[in-house]
1. Residue by residue through the stretch 30-53, note down the ones that are basic (Lys, Arg) and in a helix (DSSP H, G or I).
2. Restricting the stretch 1-56 to residues that are over 26 Å from Arg83 (Cβ atoms), β-branched (Val, Ile, Thr) and loosely packed, with under 13 Cβ neighbours inside 10 Å, which is modelled with the highest pLDDT?
3. With respect to the numbered conditions (1) out of contact with any Leu (no Cβ under 9 Å at 6 or more places or on another chain); (2) under 24 Å from Leu8 (Cβ atoms); (3) without any contact (Cβ under 8 Å) to a residue 12 or more places away in the chain, which one is the sole condition not fulfilled by Gly40?
4. Assess whether Leu73 counts as being part of a helix (DSSP H, G or I), under 26 Å from Lys27 (Cβ atoms), without any contact (Cβ under 8 Å) to a residue 24 or more places away in the chain and of a type outside the set (Gly, Ala, Ser).
5. Looking only at the stretch 59-70, filter to residues that are hydrophobic (A, V, I, L, M, F, W, C) and outside any helix (DSSP H, G or I); which one of those is surrounded by the fewest Cβ atoms within 10 Å (Cβ to Cβ)?
6. Can you report the number of residues in the stretch 1-37 which are touching a residue at least 40 places away in the same chain (Cβ under 8 Å), under 17 Å from Pro63 (Cβ atoms) and among the small types (Gly, Ala, Ser)?
Amino acid sequence: MWSSIPTLAGSLATMVFALSTLPMLSKALRSRDLTSYSTGNLVLANVGNAFYSVYLFHLPMGPIWFLHGFYLLSSGLMLVWSRRFAPGHVPTYPRRSVEWAGRPMRSPGRAP
């Protein structure tokens, strides 16, 4: 019986920590404003998570695996979003060409 109490406490802690992070992720995705987050901190959090994964994945499966998986995902998303939504970020998708077959394209609504 006593061995299940720590597992229950770990499961509850995992849910509480994950739920506490969801509003931050939601606001970051909705507003796309991550200027208050330090890139250095986000990079170090991801590096630390990577090192911790080496240790953690040698432990038996338990609630900490799910919590760490959530932290891996959320800190990775925050780093990617901070770079993608950064002011002055140049999108990687191709822009529309201003010519087609050597002729300038007309803007919609302009008469020929």
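1. Correct list: Arg30 only.
2. Val16
3. (2)
4. Yes.
5. Within the stretch 59-70, the first condition is being hydrophobic (A, V, I, L, M, F, W, C), and the residues that meet it are 59, 61, 64-67, 70.
So of that shortlist, the ones also outside any helix (DSSP H, G or I) come out as 59, 61.
Working: Leu59: 10, Met61: 8.
Ranking the candidates gives Met61 first.
6. 4
The values are calculated or read from the model by the stated rules, or taken from the named source; none is laboratory data. Computed from a prediction, not measured in an experiment: that's the story for all the values here. Virtual Cβ from ideal backbone geometry, glycine too; neighbours counted across all protein chains shown.
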